[in-house]
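Peer 1: The structure under discussion is supplied below as structure tokens; questions concerning it will follow.
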Amino acid sequence: MTHSITAATTPRALIRYGMVIEPIPNNKFGKPISRFDFYNTPNGPRSGYLSGADTALPTTGGYDIRFMTEVGKTPQGKPKYGEAAQWNAGNKIPAGYRVKLKPSEIKKNGFSGGHSTEAWNETLKTYGDLIKVDVNATKNIFFKPAANRPIDRASQYTYTFNGQPVKQPKTVGGSSQTLKLLEPTIANEVGKILASGPITGNTTITVRIPVLNRNNKTVMLPVDVMIRKDPATGTINIPTWYVSDKAFSIGGLK
């Protein structure tokens, strides 16, 4: 039986029926898209185009796509297009653009994965026009992952997306470096639980790991770990983990 910790950074809303891509408002690189031109498609060097504000694009590699913006009119009064960006499907989206999310799915599931401060800041940079954090409801705790590290902050944010309250608060566990330093201890504690008895299915478990508070006193930080078991092979995987809700009630971490 094996287990591993992997980063989960893609919101579930992104991966169902293809990507709808839109410009980021007030971003100098994000020009309006009038149509998408395809070239070098997987079945051979042919071209074509799709148009429409909610055009679903392929999410896997092999498709080279030009984002075309209207730059004027032909003498006949038809739209004339210029290239705004190029994208190879499956790779990073060009600067100035983002995946268009479904508010109903974000309302239900929130932004899953991406629990580092850097990932959350990037989410706010990309979707900040749609996200409104309730500052008065924000919960913070402070800790050090090791004696030689500075104090870091974990936060739990209550927020709305496109004006709709999101059911699941967003938990940010600290900087990517802090999370990286915590992972070996988390993996060790998970290993103890897995060794003590079989996991019968998908579940979430809570482990407690030592961190230091502002006064360099040891406090046990509760962490929720998602366990996924392959029914065919019995292999255990850990797609994500995050600071538990219970942690934000620990007085020693305020």
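Quick note: the coordinates plus some simple rules give every number you see, no bench work behind them. Quick caveat, the model's predicted, so the values are computed rather than measured. Cβ: placed from backbone, ideal geometry, glycine included. Neighbour counts: every protein chain shown.
Peer 1: I need the phi-derived Karplus couplings for the range 84-98: 6.51 cos²θ - 1.76 cosθ + 1.60, θ = phi - 60°, integer Hz, Gly and Pro marked x.
Peer 2: Karplus values, whole Hz, x for Gly and Pro: 9, 6, 10, 8, 9, 3, x, 9, 4, 5, x, 4, x, 10, 8.
Peer 1: May I ask you to derive the FRET efficiency for D54 and D230 from their Cβ-Cβ distance with R0 = 45 Å, giving the value to the nearest 0.05?
Peer 2: E(calc), rounded to 0.05, equals 0.80.
Peer 1: So, one more: Over the range 176-248, calculate the relative contact order: mean separation of alpha carbon pairs under 8 Å at least 6 apart, over the residue count, as a percent.
Peer 2: So the answer I get is 24 percent.
Peer 1: When the label point is put 7 Å from the Cα of K125 along its Cα-to-beta-carbon vector, which residues of the range 85-102 have a backbone N closer than 18 Å?
Peer 2: Under cut-off, by backbone N: 92-100.
Peer 1: Given H placed on each backbone N at 1.01 Å, which residues far from I21 in sequence or on other chains put an amide H within less than 5 Å of it?
Peer 2: Here L57, K100 satisfy the definition.
Peer 1: What angle do you read, to the nearest 10 degrees and between 0 and 90, between the alpha-carbon axis of helix 117-127 and the longest principal axis of the chain?
Peer 2: So the helix axis and the longest Cα principal axis differ by about 30 degrees.
Peer 1: For the range 185-254, what is the largest minus smallest coordinate of the Cα atoms on each principal axis, given in angstrom and ordered from greatest to least?
Peer 2: 48, 20, 16
Peer 1: Continuing with this model, one more query. Taking H placed 1.01 Å from N in the peptide plane, check which residues at least 5 places from R35 or on another chain put their amide H under 5 Å from its amide H.
Peer 2: M68
Peer 1: Once Rh is set to the Kirkwood radius over Cα pairs, what Stokes-Einstein translational diffusion coefficient, in µm²/s, holds for the range 120-243 at a temperature of 20 °C and a viscosity of 1.002 mPa s?
Peer 2: Rounded, D is 131 µm²/s.
Peer 1: Mind ordering 67-76, 158-167, 193-202 by average Cβ neighbours within 10 Å, highest first?
Peer 2: Result, highest mean Cβ count within 10 Å first: 158-167, 67-76, 193-202.
Peer 1: Still on this model: Restricting to the chain, what percent of DSSP beta bridges are antiparallel, rounded to 5?
Peer 2: Within the chain, antiparallel bridges account for around 95 percent of the total.
Peer 1: To the nearest 0.05, how large is the calculated FRET efficiency for V135 and K246 if R₀ is 25 Å and r is the Cβ-Cβ distance?
Peer 2: Computed FRET efficiency for V135 and K246 comes out at 0.65.
Peer 1: Principal axes first, then extents: for the Cα atoms of the range 108-172, list largest minus smallest coordinate on each axis, whole Å, largest first.
Peer 2: Reported extents, whole Å, longest axis first: 42, 22, 18.
Peer 1: Now for a separate question. For the chain, take the longest principal axis of its alpha carbons; what is the angle in degrees between that and the long axis of helix 176-196, to the nearest 10 within 0 to 90?
Peer 2: Helix 176-196 sits at roughly 60 degrees to that axis.
Peer 1: If you find the alpha carbon centre of the range 132-201 and of the range 79-129, how far apart are they in angstrom?
Peer 2: Centre-to-centre distance over Cα atoms comes out at 22 Å.
Peer 1: So what's the convex hull volume per residue for the Cα atoms of the chain, in Å³?
Peer 2: 164
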